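Data first, discussion second: the structure below is written as structure tokens.
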Amino acid sequence: MCSQSVWTLSRPVIARRRIWVAGFRIAFVAVTWLALTPEPPKAISGISDVLLHAIAFAVLTFLLAEAHFSQRLLWPMLLMALYGPLIEVLQGAFFERAAELKDFWVDLVGIAIGAGLFRLLGQEANTWLARLPGVSDREN
């Protein structure tokens, strides 16, 4: 799935990838919890559901692409497109929250935004991350 074998990656590149993986995992757990909790926190209850879905899926797609797939966007987009309906099914089946087709369409918009941001900013984000101590390509 990755464009390079882990055996050919330098320590700083592996460190950056681990940061992206950790970011994705944290975001994934947070989005899943917010989607499946019976009553979301009041801090986000005033924000449009459409906006929350779009932001969540944009962030998840961007982080997943950075974490695992280098320049290949097909897999992160497909995985996120499967995750959206899964959340809707779980909401409708196990929780007192309505599953809505509209949410899935908004998830797809968020996925497209996340993929676009990855194409525009992915390399820049890695360049910025490479400036942090411990993940720099420069030897100290």
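Observations on the model:
- Remark: LEU78 matches the filter, which requires a residue to be closer than 30 Å to VAL13 by Cα, surrounded by fewer than 13 Cβ atoms within 10 Å (Cβ to Cβ), without any contact (Cβ under 8 Å) to a residue 24 or more places away in the chain and under 13 Å from the mean Cα position of the chain (by Cα).
- One residue alone among ALA130, ALA115 is of a type in the set (Gly, Ala, Ser), touching an Asp or Glu at 6+ places or on another chain (Cβ under 7 Å) and closer than 30 Å to ARG11 by Cα, and that residue is ALA130.
- When segment 37-75 is limited to residues that are of a type in the set (S, T, N, Q) and surrounded by fewer than 23 Cβ atoms within 10 Å (Cβ to Cβ), the one that is farthest from LEU120 (Cα to Cα) turns out to be THR37.
- Test: residue in segment 67-78 that is closer than 18 Å to VAL21 by Cα, in contact with a Lys or Arg (Cβ under 7 Å, 6 or more places away or on another chain) and not hydroxyl-bearing (Ser, Thr, Tyr): yes
- Just one of the listed residues (ARG131, ARG138) is touching a helix residue (DSSP H, G or I) at 6+ places or on another chain (Cβ under 9 Å), modelled with pLDDT under 85 and of a type in the set (D, E, K, R), namely ARG138.
The values are calculated or read from the model by the stated rules, or taken from the named source; none is laboratory data. Treat the numbers as computed from the prediction; the structure is a model and nothing was measured. We place every Cβ from the backbone using ideal geometry, glycine too, and count neighbours over all the protein chains shown.
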